[in-house]
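Chemist: Quick one: structure below, then a few questions.
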Amino acid sequence: MTKGTSSTAPVVTAKDLTVTIGPVGPKIVDGLNFTINSGGMLALVGESGSGKTMAARAVLGLLPTPLIVAPGSSIRFNNTELVGLPPKAMRGIRGARIGMVFQEPMVSLNPSMTIGEQMAEGLTLHQKLGKSEIRDRSLAMLERIQIKDPARCLSAYPHEFSGGMRQRIMLASVMLLKPELLIADEPTTALDTLVQRDVLDLMMELTQENGTAVLLISHDLGMVSHYARDVVVMHKGKAVEQGLSNDVLTAPKHDYTKRLVDALPKRQAGGARNSTRAEPLLEMRDIVIDYPGRSHLFRTSQPKRAVDTVDLVVGRGETVALVGASGSGKTTLGRAIVGLVQTTSGSISFRGKPLEFGRSETAKVHRADIQIIFQDPYSSLDPRQRVEDIVGEPLKLDPSISKAERDRRVREVFSEVGLGPEFLRRLPHQLSGGQRQRVAIARAIIRRPAFVVADEPVSALDMTVQKQILELIRTLQERYGFACLFVSHDLGAVEQVSDRVAVMENGKIVEVGNRDDIFDRPQHPYTRRLLDAAMLLDRKFDGAAAQPAA
Amino acid sequence: MSVLSLALPRRSANATIGGAIVISLVVLAVLGPQIAPYDPLALDLLSRMKGLSATHWLGTDEFGRDILSRLIHGARTSVWISFATVAFAMVFGLFFGVLAGFLRGWTDRIIMTFNDALLAFPGLLLALGIMAIAGASRDAIVVALGLAYTPAVVRVARASVMSIREREYIEASRVMGNSELITMLRHVLPNCIAPMTVLATTMFGWVILSESALSFLGLGVPPPAPTWGNMLATGRPFITQAPHLIILPGLCISVTLLGINMLGDAIRDWFDPKMQG
C-alpha cells in the first residue's frame with residue numbers, strides 16, 4: 001500500500017483553527033482540528049469554497065488580505081507555535097521546514113529563471129551552501145526523480161518541460177530542503193491521469209524517505225483514498241467528518257460526505273444500452289488532421305499530425321466516449337465534427353450524406369443538428385450578453401421563429417436544464433460554474449440537435465456539480481434521443497455516461513468497444529495503463545509505489 | 001454618500017475629480033459665448049497686458065483682449081477639435097483594426113503594412129505635413145490629427161479582437177451557424193469596447209496637447225480665433241513683461257490633461273470585470 005505508517009511524533013497540530021475575513025467578518029475556516037505525524041499524510045477534501053486551501057495557507061502564514069487567523073486558534077509545528085509568530089521567524093520556517101507544492105505547474109515556476117537557479121534559490125536562502133555543493137545536491141535530486149540528463153536540465157528553462165515534468169521538478173526543488181511538512185495544494189489537478197499517478201507516487205517516495213509529513217489538499221476522493229491515511233472532509237469552513245480515510249470514504253456518516261462519495265461517477269446499474277445495432281448517425285472514415293507547421297522566415301516546420309487515420313461510428317442516440325491523455329487528439333477530432341477544425345483527408349458523413357459546413361442548405365441543417373458543449377463554461381459564454389439572449393441566439397438563425405415563440409422556447413429549455421426563470425436576465429458572471437454549464441447545454445440543445453459533442457463538459461466543475469451535470473446530459477439524452485460524443489480524460493465520468501468507449505493514443509484510436517468490455521476486459525496495453533492510473537474509489541489498484549521507509 | 005463610498009472605494013477620487021474637470025470643460029465649451037464676459041476678439045489697445053483685476057479677472061493680452069473670454073472660447077475650439085479627432089480616429093481605427101484582427105490572412109497583412117508605414121512617421125510630423133498641404137483650418141486639423149492617431153487605434157483594436165476571437169463563445173457562435181459578420185458584430189465588437197473606451201479618453205488628452213502644439217507652431221487654428229495653443233504661441237514674446245499670458249493657457253492645458261487622465265483611470269477600473277458585482 002502507498003499509505004505511510006506514521007511514527008508517533010506529531011509534526012503539526014492545529015487546534016480550533018479559525019480563519020475570518022477581518023476581525024469581525026464571516027468565518028472561512030471554522031474550528032478545524034487536525035494532527036499530522038511525521039511521515040503521515042492528511043488530506044483536506046472539499047469543494048471549492050470549502051476553506052481547505054485557506055486552512056493550509058494559514059499554516060504557512062500566507063493568508064491573502066483581509067483574511068486573518070482568529071485569536072484562540074493554535075497551530076503547533078513541532079515545538080513552535082505558528083499563530084502569532086513574527087514574520088521574520090515565519091520566513092525562516094517557510095520553505096526550509098514547511099514546503100509547498102502548488103496546483104498549476106505552468107505558473108508556479110518562474111519562466112525567466114533556469115531550473116538550476118530556481119532549485120538553488122531555497123538552498124542559498126536557508127542553508128548557506130557553496131555553489132558547487134548546491135549544484136551537486138540539485139543534480140543528485142534531479143537524478144533521484146529520474147530526469148533525463150540532469151546537467152542539461154539545470155540550465156534549461158521551465159517552458160522546455162511538460163506539465164508533469166514541471167511538477168516533478170517543483171516537487172524536487174521543494175524536497176531538496178528536506179522540509180518536515182509538505183503542503184500540496186491540488187498538486188495534480190492540472191495533470192493527466194497517467195502523469196498524475198507518477199507525480200503522486202514520486203511525492204510519496206520522497207516524503208517517506210525523509211519522514212516528511214504531508215498535508216494534501218484535494219477534491220479528488222479517489223486519489224485521497226489511495227494515498228492519504230487520514231482525511232478531513234470540509235464543508236463551508238467546518239470539518240464535517242474526519243478520521244481514517246478508509247473508514248470515512250467507505251462508510252461515510254455525515255450527510256455531506258455521503259453526498260460527496262455518492263457524487264463519484266459510478267457505473268449505472270443495468271449496464272450500457274446495447275447500441276451495436278443502432279443505425280449509424282455519424283460515420284468517420286480515415287480521418288487525418290494535420291496542424292500546419294509554424295512558418296519561419298525561410299522554411300516551414302513539419303506539420304504535426306494530431307489525428308491519424310481514425311474510423312469511428314456513432315449510432316443514433318448512443319453515447320460514445322472518446323478517452324485519452326492530453327495531446328492524444330481527442331479534442332481535435334471532436335472539433336472537426338462541428339467544423340471548427342479542417343480535416344486534412346478522410347470523410348465524415350452524417351445521416352449517410354457528407355458533412356457540410358458552408359452556406360449551403362444542407363450545411364444549415366447540419367449546423368442545427370450538430371452542436372458542441374465546451375469544457376470551460378467561463379469562456380464559452382459571451383460575458384456581455386444576458387443569459388436569455390445567449391440561449392435564444394441559435395433560434396435567431398431561423399427567420400420563421402417569432403420573438404414570442406423564441407421567448408417561449410427559451411423558457412422551456414431553461415426549465416429543462418433546471419434553471420428558474422429568475423436566471424433569464426442574468427449575466428454569465430453572476431452565475432456559478434454549474435449554472436453556466438447548464439446555460440451552455442441549453443444553448444446546445446435548444447434546436448433539438450441529433451448529435452452533441454461534449455468536450456470535457458464537467459472537468460472544470462466541482463464533484464457534486466459534475467454529478468448533476470452528467471445526470472442532466474443523460475436525462476436530456478433520454479428525452480430527446482440525441483447521440484453524444486463524450487470527449488474526456490476522466491474515466492469515472494466516462495464509465496457513468498457512455499455506451500461505447502474509444503481509446504485514443506497519439507492520434508490513433510487503439511481500442512473501441514462496449515463500455516463494460518473496455519472497463520472490465522481491456523485489450524490494448526494503453527487502455528490497461530489508463531485504467532490502472534485512474535484512481536476510482538471502488539477499484540483499488542496494487543500500486544508499485546515504494547514501501548514506506550522504516 | 002456613505003453607500004456610494006462603500007461601493008466605490010478607491011476610484012471615487014479619480015472619478016469625482018476627473019469627472020468634475022471634464023464636465024466643467026464641456027460646459028465651458030458649450031456655453032462659452034454666453035458666459036464669456038467680453039468678446040474674445042475685441043481689441044482694447046489702451047489696456048494692453050494688464051494683470052488680474054476686477055474688470056478683467058484674468059487680465060488682458062498684448063492687444064488688450066480679455067484673457068478669460070479667450071480661454072473660454074479656446075476651450076470651445078480645443079474640445080470640439082479633440083472630440084472630432086478622437087471620433088475620426090476611433091471610427092476608422094476600429095473599422096480597419098477589427099477587420100484585420102478578425103479576418104487575418106491577406107486583409108490583415110495589407111492593412112497592417114499601411115498601418116505600420118503610418119506609424120513610422122511621428123504623429124505630429126504627419127499632421128504637420130497634412131496641414132502644410134491642406135492649409136490651416138479647424139477641419140484640416142481634425143483630419144490631420146485624426147489620421148495621425150488612427151494607427152494606434154488600429155493596433156489596439158486588432159490586438160483585442162485577436163484575443164477575443166480565440167475565446168470559446170466565438171467558436172460557439174460559429175458552431176451555431178452564425179455568419180462571420182454576425183459573429184463579429186454581435187460577439188467580437190461589444191467585447192472590445194472596454195479597451196477602446198480607455199484608449200479614447202487617453203487619446204483625448206493627447207489630441208488637446210497636439211492641437212496646442214500645432215497652433216503654437218502656427219499651423220493650427222489661424223489667429224485671431226483663440227485656442228489654448230495659439231494663445232501660448234502669441235504670448236511667448238512677452239514672457240518677461242506679462243508671464244500670465246502664457247501661464248494661464250498652460251495651466252488650462254495641464255489641468256484638463258490631469259482631469260482626463262484621472263477620468264480615464266476611473267473608466268478603466270469601471271470596465272474591469274472584477275469590479276462588477
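Chemist: When you look at the Cβ of every residue in A:380-388, what mean number of other chain Cβ atoms sits within 10 Å?
Modeler: Mean number of neighbouring Cβ atoms from other chains: 5.
Chemist: Based on the alpha-carbon gyration tensor of region A:10-262, what equivalent-ellipsoid semi-axes (square roots of 5 times the eigenvalues) come out, in whole Å, largest first?
Modeler: 31, 22, 16
Chemist: Can you give me the Kirkwood hydrodynamic radius for region A:314-533, using every pair of distinct Cα atoms, in Å to one decimal?
Modeler: 18.1
Chemist: Below 8 Å between Cα atoms, with a sequence gap of 6+, how large is the relative contact order for region A:10-262 in percent?
Modeler: 28
Chemist: Please work out the ratio of the alpha-carbon Rg of region B:19-146 to 2.2 N^0.38 Å and round it to two decimals.
Modeler: Compactness ratio reported: 1.49.
Chemist: If you don't mind, there's one more thing I want to ask. Can you give the three extents of the C-alpha atoms in region A:146-279 along their principal axes, from longest to shortest, in whole Å?
Modeler: Principal-axis extents of the Cα atoms in region A:146-279, largest first: 55, 49, 25 Å.
Chemist: Treating only the Cβ atoms of Lys and Arg (+1) and Asp and Glu (-1) as charged, compute the dipole magnitude of the protein assembly as shown about its Cα centre; round to the nearest 20 debye.
Modeler: With only Lys, Arg, Asp and Glu charged at Cβ, the dipole is about 560 debye.
Chemist: To check my understanding: the extent here is largest minus smallest coordinate of the Cα atoms along each principal axis. What are those three numbers for region A:1-123, in Å, largest first?
Modeler: Dimensions of region A:1-123 along the principal axes of its Cα atoms: 44, 37, 32 Å.
Chemist: Please state, rounded to one decimal and in Å, the Kirkwood hydrodynamic radius that region B:83-219 gives when every pair of distinct Cα atoms enters the mean of 1/r.
Modeler: Mean inverse Cα-Cα distance, inverted, gives 15.8 Å.
Chemist: Additional query: Using the C-alpha gyration tensor of the protein assembly as shown, what are the square roots of 5 times its eigenvalues, in whole angstrom, with the largest one first?
Modeler: For the protein assembly as shown, the ellipsoid semi-axes come out as 58, 38, 26 Å.
Chemist: Let me ask something additional. How much net charge surrounds B:Leu43 when only the other residues with a Cβ under 13 Å from the Cβ of B:Leu43 are counted, with Lys and Arg +1 and Asp and Glu -1?
Modeler: That works out to -2.
Chemist: Expressed in nm to one decimal, what extension gain is obtained for the pair A:Val107 and A:Asp517 from 0.36 nm per residue of sequence separation less their Cα-Cα distance?
Modeler: Here the answer is 143.6 nm.
Chemist: Right, here's the next one. Subtract the Cα-Cα distance of A:Leu62 and A:Leu85 from 0.36 nm times their separation in residues, and report this length gain in nm to one decimal.
Modeler: 7.1 nm
Chemist: Sticking with this one: Taking 2.2 N^0.38 Å as the expected size of a compact globular protein, what ratio does the Cα radius of gyration of chain B give against it, to two decimals?
Modeler: Taking the Cα Rg and dividing by 2.2 N^0.38 Å, one obtains 1.19.
Chemist: Counting partner chain Cβ atoms within 10 Å of every residue's Cβ in B:163-171, what's the average?
Modeler: 5
Chemist: Starting from the 7 Å offset along Cα-to-Cβ, what nm value, one decimal, do you get for the label separation of A:Thr35 and B:Leu125?
Modeler: Taking the simple label geometry, A:Thr35 and B:Leu125 are separated by 7.7 nm.
Chemist: So how far apart, in nm, are the two label points at B:Ile193 and A:Gln146 if each is 7 Å from Cα heading toward Cβ?
Modeler: Output for this residue pair reads 5.6 nm.
Chemist: Counting only residues 5 or more places away or on other chains, whose amide H sits under 5 Å from the amide H of A:Gln371 once H atoms are built in the peptide plane?
Modeler: Amide H neighbours of A:Gln371, under 5 Å, 5+ apart: A:Phe451, A:Val452, A:Val453.
Chemist: Using the Cβ atoms and a cut-off under 10 Å, what net charge is assigned to the surroundings of A:Thr189, where Lys and Arg are +1 and Asp and Glu are -1?
Modeler: So the environment of A:Thr189 carries a net charge of -4.
Chemist: Give a residue-ordered list of calculated ³J(HN,Hα) values for region A:519-533 (Karplus: 6.51 cos²θ - 1.76 cosθ + 1.60, θ = phi - 60°; whole Hz; x for Gly, Pro).
Modeler: Taking θ as phi minus 60°, the curve returns 6, 9, 10, x, 9, 6, x, 5, 4, 5, 5, 4, 5, 4, 6 Hz for region A:519-533.
Chemist: B:Ala225 to B:Thr16: FRET efficiency via 1/(1 + (r/R0)^6), r the Cβ-Cβ distance, R0 35 Å, to the nearest 0.05?
Modeler: In this case the efficiency is close to 0.60.
Chemist: Relative contact order, percent, of region A:282-436 when contacts are C-alpha pairs under 8 Å separated by at least 6 residues?
Modeler: 19
Chemist: Something else: Mind ordering B:58-68, A:506-516 by average Cβ neighbours within 10 Å, highest first?
Modeler: Peptide ranking by packing, descending: B:58-68, A:506-516.
Chemist: Using only Cα atoms, locate the centre of region A:85-108 and the centre of region B:24-99, then give the distance between them in Å, rounded to an integer.
Modeler: Distance between centres, Cα-based: 60 Å.
Chemist: Name the residues whose placed amide hydrogens come within less than 5 Å of the amide hydrogen of A:Val12, ignoring near sequence neighbours (fewer than 5 apart) on the same chain.
Modeler: Answer set, sorted by chain and number: A:Ile36, A:Asn78.
Chemist: Using the Karplus curve 6.51 cos²θ - 1.76 cosθ + 1.60 with θ = phi - 60°, work out ³J(HN,Hα) for each residue of region A:421-426 in order, rounded to whole Hz, and write x for Gly and Pro.
Modeler: x, 5, 7, 3, 8, 6
Chemist: Once amide H atoms are built 1.01 Å from N in the peptide plane, which residues 5 or more positions from A:Glu511, or in another chain, come under 5 Å H to H?
Modeler: For A:Glu511, whose amide H was placed from the backbone, the distant partners under 5 Å are A:Val503.
Chemist: Follow-up question, since we're still on this one. For the pair A:Tyr480/A:Ser347, report the inter-label distance in nm, with labels modelled 7 Å from Cα in the Cβ direction.
Modeler: The two pseudo-label positions are separated by 2.9 nm.
Chemist: Could you derive backbone 3J(HN,Hα) for region A:100-111 from the dihedral phi with the Karplus parameters 6.51, -1.76 and 1.60 (θ = phi - 60°), listing whole Hz in sequence and x where the residue is Gly or Pro?
Modeler: After applying 6.51 cos²θ - 1.76 cosθ + 1.60, I find 9, 10, 9, 6, 9, x, 5, 10, 8, 9, 6, x Hz.
Chemist: On to the next question. To the nearest 0.05, what FRET efficiency results for A:Ala363 and A:Val288 with a Förster distance of 22 Å applied to their C-beta separation?
Modeler: E between A:Ala363 and A:Val288, to the nearest 0.05, is 0.50.
Chemist: If you count the DSSP beta bridges with both ends in chain A, what percent of them are antiparallel, to the nearest 5?
Modeler: 55
Chemist: Hey, another quick one. Could you work out the relative contact order of chain A, using alpha carbon pairs under 8 angstrom and six or more residues apart, expressed as a whole percent?
Modeler: Computed over chain A, the figure is 16 percent.
Chemist: Also, quick follow-up: Carbon and sulfur: what percent of region A:10-262's accessible surface (1.4 Å probe)?
Modeler: C and S fraction of accessible area: 54 percent.
The values are calculated or read from the model by the stated rules, or taken from the named source; none is laboratory data. Model, not experiment: these values are computed from the prediction. Because the Cβ atoms are built from the backbone with ideal geometry, glycine has one as well, and the counts that use them run over all protein chains shown. What goes into the accessible areas is simple: the full protein's heavy atoms, side chains included, and nothing from ligands, DNA or RNA. Shrake-Rupley method; radii C 1.70, N 1.55, O 1.52, S 1.80 Å.
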